[in-house]
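Q: The structure that follows is given in the form of structure tokens.
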Amino acid sequence: MSEQVITIGNVLRADIRSFVIASRIPAPDVPTFGTFVRAPIQQGRRQLIGLVYDIRLQDDPFLRNLAVTLDETNPAHQEVIADQQQRAVPVEISVAAVGYRDEDGAYRYGYPPQPPMILKQITVCPEAEVAAITAQPDWMQPLLDSPDAPADALIIRTLQRAQRVHPPAAQEAYWLQAGRFLARQLGREPLRLETLLRQLQT
Amino acid sequence: MGAMLHLEKLHAAIQALGEQTVAQRRKNAAALVTAQEWLRHAPAPEALREQPLPSEEPGPALAVPVSDEPLDTVTVIATAPPRGALVIGVDGSQIPPDRHAAILYYLLQVGGLRFTYNGQAPTEHTRPTLHYAPSELYDAQEQLIGSQLGMRRTVMELEYLAELVESAAQPGILALTDGPLLWPYSGRSDEERAHLLPAYFAALTRMQQAQALPAGFVERPGGAPLLTLLRTSRPTVPLPPLAPLLSDQALMAELLPPGGRSIWLRRHSAMNERHQQHGQRICFCYLNTGAPDYPVIARVETPEWALAQPEQLDLLHAVLLHQARLLAGYPYVLARAHELALVTSQDKAALEDQLHRQILAHGELLRPSEKARQKGYLSARRR
């Protein structure tokens, strides 16, 4: 599989359900809510798959110092303002684990056998991998019970994004499959299910 | 867990240090009045240049004026940097070799920011280099290198600056480095004589040939070369001695208004004579990059050949003021270069993780010393 590897940072802390990445990356490279990422686990034999569910810009004393001086309307500050837009910003990115890629290349959904180790590098999953992960709706299962991630908003955003990586002819089946999965999982929560399905329809 | 430093045991020492600092400041304030008087009534620069200079170091550093302007002349620039002006700033950082680490190496990284006054974002540049050959890690006495690392980094910074200047391929570039341009080490070691100083002078020459203006920016400069000149100019007049800790910086904070710069001076030293042998003698002026009631005094160093281009010196002055106003007195381009160069503890851990994996792939497992492991645990507990 030919793929462009985009590294977004290193693991700062982790448990079996989620992990946090510390990073200094330019603003345009900060991943968005609902991005699939992966991290090596078990000495790189397996790849944990997760979804970005929170992005926190950390306090930046350098920027605080500049903020009192810079004036967006001052022509003498144009270059510095442009520089700050490209400057690597310190961010913490939270990721919810949804499964892992096994040694045989197959995707297993649910919690991984081990969290990623501290300082392991995290990369963004390329489109082909997102298509493979979301071919089955089971990646949603760990999210539905997540105490930390905003599960419903994350599922909707991820389904919408993942739709684009599936062939147009398969998209109707993709939505139906996702809807049926959610109906089975949330059978005891009809209000939540209804809200989710309504948002998916829009 | 409580604080590990038992401050109550230092109570008396803290009190004494505070009292000493206040007493010193009062003494300096009194001496400063004398120094201002000396500056106002200093002999003409021609006379100062003709007075005999001490022939040998060590001794207090001494400066001599390079032009005929009175010593208390102040130059103020009101113009903004012109469109198209280009300033490049560099800075460096390092991971020193650690004999307790699992792998012996050192790393240097230089960061640079190329800032053109054209409304566009500046461009970022970095160069990391990993050093692990025994000849790089040990000196001639087979000791792990120490101070040599700072010297090598200084050379790498200036060489990288010269490279960025050459790649920009335009005349009139201001090439800034954070720190002095006059080689700040003794120059006595074999490595300096054989490799480092020739490389350093060569980098300065490359920038000269590229018609750039190299400059070193030293914020809060120590030393009193101008005060020493003033003192030596009055050998026959009984004047009260200056407080030993009084520096040129304090005198300049009184003389220079915000944005003002002093006359250009040349440090009289054996090292500057070595610069001179390579056509790269260094001169300096003082510049106040601060605000009213908040002086920020910097020493700005540049090769003597640059003094023949007064318009370039004015451009340097204007650019430094513009850059410094953004960050309370410190040039933006240097702050960003520092940020780009910085190797964090996370970077170090990620690098060592990759090194370990590389070695593990060959079936070898390395470990740090027990001392390093225990220190790591203890520092982790304190975080």
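The values are calculated or read from the model by the stated rules, or taken from the named source; none is laboratory data. What you see is a predicted model; the values in this text were computed from it and never measured. All Cβ positions, even for glycine, are placed from backbone atoms using ideal geometry, and neighbour counts span all protein chains on display. Protein only, heavy atoms only, side chains kept; ligands, DNA and RNA dropped before computing areas. Shrake-Rupley method; radii C 1.70, N 1.55, O 1.52, S 1.80 Å.
Q: Could you give log10 I(q)/I(0) at q = 0.12, 0.14 Å⁻¹ for chain B, computed by the Debye formula over C-alpha point scatterers of equal weight, without solvent?
A: Listed by q, the Debye log ratios stand at -1.07, -1.28.
Q: What is the percent carbon and sulfur in the accessible area of the protein assembly as shown, measuring with a 1.4 Å probe over the protein chains and ignoring ligands?
A: 53
Q: So, counting K/R as plus one and D/E as minus one, what does the shell of residues with Cβ under 14 Å around B:Gln323 add up to?
A: Taking every Cβ under 14 Å from that of B:Gln323, the sum is -2.
Q: Enter the mean projected area of the convex hull around the alpha-carbon atoms of the stretch B:202-336, in nm², rounded to one decimal.
A: Result: 9.7 nm².
Q: Ok, one more. What percent of all Cα-Cα pairs in the stretch A:106-202 falls in each 5 Å bin, counting up from 0?
A: With a bin width of 5 Å, the distribution comes to 2, 11, 21, 25, 20, 12, 6, 3, 0.
Q: On the Cα set of the stretch B:294-383, report Rg and Dmax in Å, please.
A: My reading of the Cα-based Rg and Dmax gives 22.8, 63 Å.
Q: Further, regarding this structure: Which semi-axes, in whole Å and largest first, does the equivalent ellipsoid of the stretch B:11-143 have when worked out from the alpha carbon gyration tensor as the square roots of 5 times its eigenvalues?
A: 41, 31, 22
Q: At 7 Å along Cα-to-Cβ for each site, give me the label-to-label distance between B:Gln211 and B:Ala350 in nm.
A: Between B:Gln211 and B:Ala350, the simple spin-label model gives 4.1 nm.
Q: Let me check against my output: what whole-number percent is the relative contact order of chain B, with C-alpha pairs under 8 Å and at least 6 apart?
A: Normalised by residue count, the contact order of chain B is 23 percent.
Q: Dividing the Cα convex hull volume of chain A by residue count, how many Å³ per residue is that?
A: Expressed per residue, the convex hull around the Cα atoms of chain A is 161 Å³.
Q: Please give me, ordered by residue number, the trypsin sites (Lys or Arg not before Pro) of the stretch B:64-121 that lie in loop per DSSP and have at most 14 other Cβ atoms within 10 Å.
A: B:Arg83, B:Arg99
Q: Work out the mean other chain Cβ neighbour count within 10 Å for the residues of A:68-74 and drop it here as an integer.
A: 1
Q: How high is the relative contact order of the stretch B:99-149, given as a whole-number percent (alpha carbon pairs under 8 Å, six or more residues apart)?
A: This gives 31 percent for the stretch B:99-149.
Q: Moving on to the next point. Can you check how the C-alpha radius of gyration of the stretch A:1-114 compares to 2.2 N^0.38 Å, as a plain ratio?
A: In units of the 2.2 N^0.38 Å rule of thumb, it is 1.35.
Q: Quick check: net charge around A:Val30, other residues with Cβ under 15 Å of its Cβ, Lys/Arg +1 and Asp/Glu -1?
A: -1
Q: Report the label-to-label distance for B:Arg26 and B:Ala270 in nanometres (one decimal), using points 7 Å from each Cα along the Cα→Cβ vector.
A: With each label point 7 Å from Cα toward Cβ, the separation is 4.1 nm.
Q: Using 1/(1 + (r/R0)^6) with R0 = 60 angstrom and r between the beta carbons of A:Gln136 and B:Tyr132, what's the FRET efficiency to the nearest 0.05?
A: 0.80
Q: In addition: Over the stretch B:91-171, how many percent of alpha carbon pairs lie in each 10 Å bin up to the one with the longest distance?
A: Percent of pairs per bin, in order: 16, 40, 24, 14, 5, 0.
Q: Going by accessible area, probe 1.4 Å, with all protein chains left in place, what is the ranking of B:Ser186, B:Ser345, A:Ser23, largest first?
A: I get B:Ser345, B:Ser186, A:Ser23, largest accessible area first.
Q: At 4 °C and 1.567 mPa s, what whole-number value in µm²/s does Stokes-Einstein give for the translational diffusion of the stretch B:309-351, with Rh from the Kirkwood sum over Cα pairs?
A: For the chosen part, D equals 107 µm²/s.
Q: Let me cross-check B:Arg357: its accessible surface, 1.4 Å probe, with only protein heavy atoms counted, in Å² to the nearest 10?
A: 110
Q: So, one more: Below 8 Å between Cα atoms, with a sequence gap of 6+, how large is the relative contact order for chain A in percent?
A: Worked out over chain A, it gives 26 percent.
Q: Are there any GluC sites (Glu not before Pro) in the stretch A:77-131 that are in a DSSP loop and have at most 16 other Cβ atoms within 10 Å? List them by number.
A: A:Glu103
Q: Okay, next question. Please compute the volume of the convex hull spanned by the alpha-carbon atoms of the protein assembly as shown and report it per residue in Å³.
A: Looking at the protein assembly as shown, the number lands at 225 Å³ per residue.
Q: Would you mind checking the tilt of helix A:151-163 against the longest principal axis of the Cα atoms of chain A, expressed as 0 to 90 degrees and rounded to 10?
A: Once rounded, the angle reads 90 degrees.
Q: Separate question: Can you give me the pair-distance distribution of the stretch A:125-165, C-alpha pairs, 10 Å bins, whole percents?
A: 29, 54, 17
Q: Okay, moving on. Suppose we flag GluC sites (Glu not before Pro) only when DSSP calls them loop and at most 14 other Cβ atoms lie within 10 Å. Which is the longest uninterrupted stretch of chain B?
A: In short, B:143-363.
Q: Once you list every other residue whose beta carbon is under 13 Å from the beta carbon of A:Gly44, what net charge do they have if Lys and Arg are +1 and Asp and Glu are -1?
A: +3
Q: Would you mind listing how long the stretch A:63-146 runs along its three principal axes, going by Cα atoms, in whole Å with the largest first?
A: 57, 26, 25
Q: Using a 1.4 angstrom probe, figure out how much accessible area chain A has per residue, in square angstrom, rounded to the nearest whole.
A: 51
Q: At 222 nm, what helix-only mean residue ellipticity would chain B give, in deg cm²/dmol to the nearest 500, using -39500 (n - 2.57) for each DSSP H run of four or more?
A: Mean residue ellipticity at 222 nm (helix-derived): -12500 deg cm²/dmol.
Q: As an exercise, use a Förster radius of 30 Å and the Cβ-Cβ distance of A:Ile81 and B:Tyr294 to find the FRET efficiency, rounded to the nearest 0.05.
A: 0.80
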